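Read-outs throughout are calculated quantities, based only on the coordinates presented, and are distinct from any laboratory measurement. Note that this is a predicted model, so its numbers are computed, not measured. Positions of Cβ are backbone-derived with ideal geometry, glycine not excepted, and every protein chain shown enters the neighbour counts.
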Amino acid sequence: MYEILFQHMDALKNRIRAVCREITPEILTRVRHSFVTRAQACLQNEGGILSI
């Protein structure tokens, strides 16, 4: 998606919509799990910098 230059806003919007349709429930599950894991690590580190 980042390699394409768009001449018209409608083309960009259509591309974004197409890419969003490719997001699967499995991807969202992995994102949620990763977010929870990182949030827990942040809390355990009392908000300090994490290296995950």
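In region 30-43, how many are surrounded by 10 or more Cβ atoms within 10 Å (Cβ to Cβ) and more than 12 Å from the chain's Cα centre (by Cα)? Qualifying residue count for the region: 8.
Within the group Ile23, Ile4, Ile49, Ile27, which residue is of a type in the set (Val, Ile, Thr), surrounded by 10 or more Cβ atoms within 10 Å (Cβ to Cβ) and not in a helix (DSSP H, G or I)?
Ile23
The set of residues in the chain being on the phi > 0 side of the Ramachandran plot and among the small types (Gly, Ala, Ser) consists of Gly47 alone.
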